Structure formats: C-alpha cells, structure tokens
1. Residues in segment 185-208: is at least one of a type in the set (Asp, Glu), buried (at least 19 other Cβ atoms within 10 Å of the Cβ) and at pLDDT below 95?
2. Name the strands (runs of 3 or more DSSP E) wholly within segment 153-226 that hold at least 3 residues that are of a type in the set (A, V, I, L, M, F, W, C), in contact (Cβ under 8 Å) with a residue 24 or more places away in the chain and out of contact with any Asp or Glu (no Cβ under 6 Å at 6 or more places or on another chain)?
3. Out of segment 1-10, which residues are touching an Asp or Glu at 6+ places or on another chain (Cβ under 9 Å), assigned to a loop (DSSP other than H, G, I, E, B) and modelled with pLDDT of 95 or more?
4. If I ask for residues that are modelled with pLDDT of 95 or more and under 24 Å from residue 157 (Cα atoms), which ones from segment 45-85 would you list?
5. State whether one or more residues within segment 160-183 are over 22 Å from residue 108 (Cβ atoms), crowded, with 20+ Cβ neighbours inside 10 Å, at pLDDT 95 or above and of a type outside the set (Phe, Trp, Tyr).
6. Listed residues 134, 43, 111, 52; which is out of contact with any strand residue (DSSP E or B) (no Cβ under 9 Å at 6 or more places or on another chain) and touching a residue at least 12 places away in the same chain (Cβ under 8 Å)?
7. Where in segment 11-113 are the strands (runs of 3 or more DSSP E), entirely inside, with at least 1 residues that are farther than 20 Å from residue 160 by Cβ and not polar (S, T, N, Q)?
8. Look at segment 80-105 and say how many of its residues are within 18 Å of the chain's Cα centre (by Cα) and surrounded by fewer than 20 Cβ atoms within 10 Å (Cβ to Cβ).
Amino acid sequence: MCGIIGYVGHQQAAPILLDGLARMEYRGYDSAGVAVRSETKGLQIYKSKGRLQVLRDMIRGGKSIEGTVGIGHTRWATHGEPNDSNAHPHLSGDGKIAVVHNGIIENYVELRDFLLSQGYTFRSETDTEVVTQLIAFYYAECGNALEAVFRVLRRIEGAYALGILCIDEPEHFIAARKDAPLLIGYGEGCNFIASDVTAIIRHTRDVSYMEDGEVAVISADRVQFYNAMEQPIEKEHHTVDWDISAAEKGGYAHFMLKEIMEQPEAIRKTAFSRIHDNRIVFEDMIHYTMVKTTMFNGVAHPAIAIVRRDGAIEIIREFGYEDFKSRMS
C-alpha cells in the first residue's frame, strides 16, 4: 500500500518526511519521493524507483533540500510500471502544483483526454498526474489553490487521499480524502498529514481523522477543515494511546519476522480478552477479519477476507467502491 506524509512548521521538512516514510516501509512500496517548497528554490521534487535508501542517499538524508513545508510518498504501482517518472510526487507542467496520492481515480482517462485537448502534456502513465494537471488547470482559472482543489473534487471519481503543495501559497498545503485513510497530526508549532499514524507518532499523539469528502488546509499554527459541502467545520481531536514500539521493528530484521515472533502474544491478548466467567464471549463482535498469507512463485501474497455475522465470507478485493456498510448488514 502507498504511504503519505506531509509537514509544515519551522524545521527543515525533508528529514522529517524521510523519517515518516521509513516508518511506513512495512506497508510495501516500489518507489519513493518528496516535494519541498523553498523561498529560494521553489518546488523541489526528488523521487526514485526502489528502496527508500536510494532517495535518502540522493538528497543526503534531506540535507540537500531546504524548506519547511513538504509532502512525501511511497508508491505501490497501480497505473504505470514502477519507475522514476511514475513515482510520486507529481509536478504540474507549469511547475506550480505538486501532488501525492493514494487510491485510484476511475475516470482519469476521460479527464486526461480533456486536458490533452487543452494543450496539456504528460510525463507519466499515472492517474495522479491527471489530478495534478487538473488542479493546475483550475488554478490558472481562479488563482486560488483551495478553490482549484474543490473544482477538481467535483470532477474526479474514485478513491483518493491527496496531499497538495502550491508554489504560490508557501504557508500551507492542502489535503483531501475519500475512501482512503488520511489523518491530521497536531504538533508544537507544526502540523502533519499522514496515511498511517506510525509516520508521525514520534512527533505527536494528537490527531484528527478525516472523513469522506473532507478537505483540510494545513498551516504551522492551525488547520482549517471543510466538509463535502465546502463549508468550514471543526474536527474532534483524538489521542493515540498505544506504544510507539508497536510501530517499530523492535530489533528484528523486518516487520514480517516481528509479526511472526509476536504471534503467541497476539493470540494470548486476543483470546484472553474474550474469556469471561470461564466462557468465551463473542456477542459484541460484529465481524472480524481473517488474514492468510499464501506463497506463489516464492513470494508471499496476503489474502484478506471478512466474515459477516451470518457466516458469509466476503473477499475484500471484491468490494471495489461499493457501499461497505450495506454489504456488511
């Protein structure tokens, strides 16, 4: 799965972005990249196919990039092969908009054809670059990045978690979410976005979870949320109360080995919490998830299924973008 992190504050952004991406490596990826805005160098984008270490070496651990606002991404290829061009972030043709994206834009071909008819060109095979160029198209019309994003969201179909930088608006960046996880982290003189709380937990435990259709404008000192009707809203804060060690490898070579070795303890915690008065209690459970790893051509492939209350099994891949709640009822 892809990973997103964004930062705005008073520290140099690139090292923070790299650290957040490293904490999401367990999700799997085939390329990585960062975009950082600088007063002197504009939007600086560095990305590469392969392990995060390739990117880290390219920018000397972040020392080669200056700027206190930025976004980062680890990509698992969907549209287009794993290569430098298809890696995120994507930059608009005019150099003003940078975007990272998790999810799939279902009508990207239609939108790409529209942009081609308007004289836009593309450097990648991705649906994300279509979003990037479409934001640039509307930004050229209205001159306001937030309004441009709202216009784009009215046109795109599918799932997305978006992090968006605009070169002309250096004090903040924008986030949007639909059918893909995204959260806001609140720090001391800084704020974050992340697709996974593990990316930012070393910096803050104070978070808000974005809901479908919501947009956020993130600055160092405040976060302004908007609902699907484009109206300003307030969001509830939550405290992440689990141990940071759960998000780290704990001395193991990789997360799979850690998960294997932690299985006895995980079973104990799961089973013992269900034993009350010498009885196994399941009445409060609505459903549970089974995860099975199979081997094919020497590669581990996780298969995920959900068992409903009536005993029927749904393969999660078959849900697509259907109403999850109606399928689970």
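The values are calculated or read from the model by the stated rules, or taken from the named source; none is laboratory data. Quick caveat, the model's predicted, so the values are computed rather than measured. Backbone-built Cβ (ideal geometry, glycine too); neighbour counts: all protein chains shown.
1. yes
2. Those strands (runs of 3 or more DSSP E) span 160-166, 172-178, 191-194, 215-219.
3. Across segment 1-10, the qualifying residue is only 9.
4. Scanning segment 45-85 gives 71, 72, 73, 74.
5. yes
6. 134
7. In segment 11-113, 31-38, 42-49, 69-75 are the strands (runs of 3 or more DSSP E) which contain 1 or more residues that are farther than 20 Å from residue 160 by Cβ and not polar (S, T, N, Q).
8. Residues that pass the stated criteria total 2.
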